[in-house]
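To start, the structure itself, in structure tokens.
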Amino acid sequence: MKILMYTVRDDEIPAIREWERENGVKVDINQVKLDVETVKLAKDYDGLVIQQRSKIEDEAVYATLKEYGMKQLSTRTAGYDMIDTQMAAAYGLTVTNVPAYSPHSVAELAVTQAMRLIRNLPLFEERGRQQDFRWSGLMAREIRSLTVGVIGAGRIGGTAARLFKALGANVIANDIVERDDLRDVLTYVSKEELLKHADIVTLHVPLLDSTVRLIDEAALALMKPDAFIINASRGPVLDTDALIQALKNKKIAGAALDTLSGEENFFNMDLRGKALPSEQLKTLRAMPNVLITPHIGFYTNLAVQNMVEISLNDVLAILKTGKSEHQVNRVMVEEN
């Protein structure tokens with residue numbers, strides 16, 4: 001049995017080799033994304049694991065994988081919108097993701113950024129760069145005096161809620177599924193009520209058709225002028241142009257963004273000395289009340305190890321039993 005992993009980073013290799021030794025399965029790696037040109041590398045392999053932001057839209061990729069006898073396509077990320085799950089199903093490919101590699105990794109980043117925002121650290125740092133060390137106008141607020149609104153209280157959002165609650169915040173949440181195990185730390189409210197009352201809004205929803213621009217101009221208009229928004233989910237969940245206007249017009253106080261629309265063109269790339277390919281990114285970077293991190297919420301030692309192990313375990317499960325607990329297009333595959 002042989003498995004091929006695409007777009008492998010150096011920091012993933014120790015976990016890959018450890019899994020390989022423990023399971024007695026050969027795992028080969030490369031540093032390229034899966035597309036119509038590189039799919040040929042998958043020939044003679046039994047299983048496939050990817051991690052990429054660029055979409056796999058060419059039907060020839062899925063057709064070629066079926067021709068090679070592939071039964072699955074696994075991504076070692078929570079998001080799987082880069083894969084056309086219906087097209088994969090049509091070619092008999094079971095798609096899996098890693099929905100809970102380490103909820104704490106993203107949740108802790110959201111808490112970290114919230115604390116930086118309410119302590120006005122970005123603004124103090126900007127003043128410091130100008131050798132202005134005055135405090136005036138930048139009195140902070142304590143987290144225990146604030147209400148945190150969690151939109152998407154699943155594994156990650158639920159973990160963030162517990163962390164904020166432990167710090168003394170009042171936590172409210174909005175989700176299509178209300179979890180009884182979280183009622184000791186949060187109160188469920190409508191999205192509109194959450195936006196009106198939260199001092200900090202943190203987004204933790206998957207990228208679906210129903211969540212694209214979930215936070216748009218109208219939603220931002222409901223927020224308090226001294227409230228902050230944090231997006232550690234997916235870029236298109238937050239309307240970037242609407243956010244920029246809300247920040248320029250002082251409709252909200254600031255933002256922390258770990259993900260942006262179009263980030264596949266700049267995040268995790270060395271663009272020193274080069275022109276930025278996004279006007280939105282240029283504008284946001286120039287705002288002292290905006291924190292931008294290059295989609296690093298997942299990037300911790302435990303999360304990376306879990307992403308590797310869980311995705312490879314899924315491949316093994318499908319090859320041995322035809323099923324995995326993390327498959328995202330099971331019904332479609334069975335129907336085809």
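So, Val308, is that one assigned by TED's automatic domain parsing to the domain that holds Val49 and within 17 Å of the chain's Cα centre (by Cα) or not? Before the answer, list the steps.
On the way: assigned by TED's automatic domain parsing to the domain that holds Val49: yes; within 17 Å of the chain's Cα centre (by Cα): yes.
Judged against the criteria, Val308 is a match.
Filtering the stretch 54-74 to residues that are assigned to a helix (DSSP H, G or I) and in contact (Cβ under 8 Å) with a residue 24 or more places away in the chain leaves Glu59, Ala60, Val61, Tyr62, Ala63, Thr64, Leu65, Lys66. Cβ-Cβ contacts under 7 Å between residues 6 or more apart (or on different chains), taken from a first residue in the stretch 248-267 that is in contact (Cβ under 8 Å) with a residue 60 or more places away in the chain to a second residue that is surrounded by fewer than 20 Cβ atoms within 10 Å (Cβ to Cβ) and small (Gly, Ala, Ser), are listed as Glu264/Ser54. Of all residues in the stretch 144-161, those satisfying the criterion of being in a helix (DSSP H, G or I) and closer than 22 Å to Arg234 by Cβ are Arg155, Ile156, Gly157, Gly158, Thr159, Ala160, Ala161.
On the basis of being closer than 12 Å to Leu238 by Cα and crowded, with 18+ Cβ neighbours inside 10 Å, does Leu214 make the cut?
Numbers: closer than 12 Å to Leu238 by Cα: yes; crowded, with 18+ Cβ neighbours inside 10 Å: yes.
Yes: the conditions hold for Leu214.
Restrict the check to the stretch 292-304 and report whether at least one residue is in contact with an Asp or Glu (Cβ under 9 Å, 6 or more places away or on another chain) and assigned to a helix (DSSP H, G or I). Within the stretch 292-304, one or more residues are in contact with an Asp or Glu (Cβ under 9 Å, 6 or more places away or on another chain) and assigned to a helix (DSSP H, G or I).
Could you name every one of the helices (runs of 4 or more DSSP H) located completely within the stretch 183-260 that has at least 1 residues being β-branched (Val, Ile, Thr)?
Values: elements: 191-197, 217-221, 240-248.
The qualifying helices (runs of 4 or more DSSP H) are 240-248.
Number of residues in the stretch 54-110 that are charged (D, E, K, R), in contact with a Ser or Thr (Cβ under 9 Å, 6 or more places away or on another chain) and under 27 Å from Ala232 (Cβ atoms): the value is 2.
The values are calculated or read from the model by the stated rules, or taken from the named source; none is laboratory data. These figures come from a predicted structure and were not determined experimentally. Cβ sites come from the backbone with ideal geometry, for glycine too, and all protein chains shown count toward neighbours.
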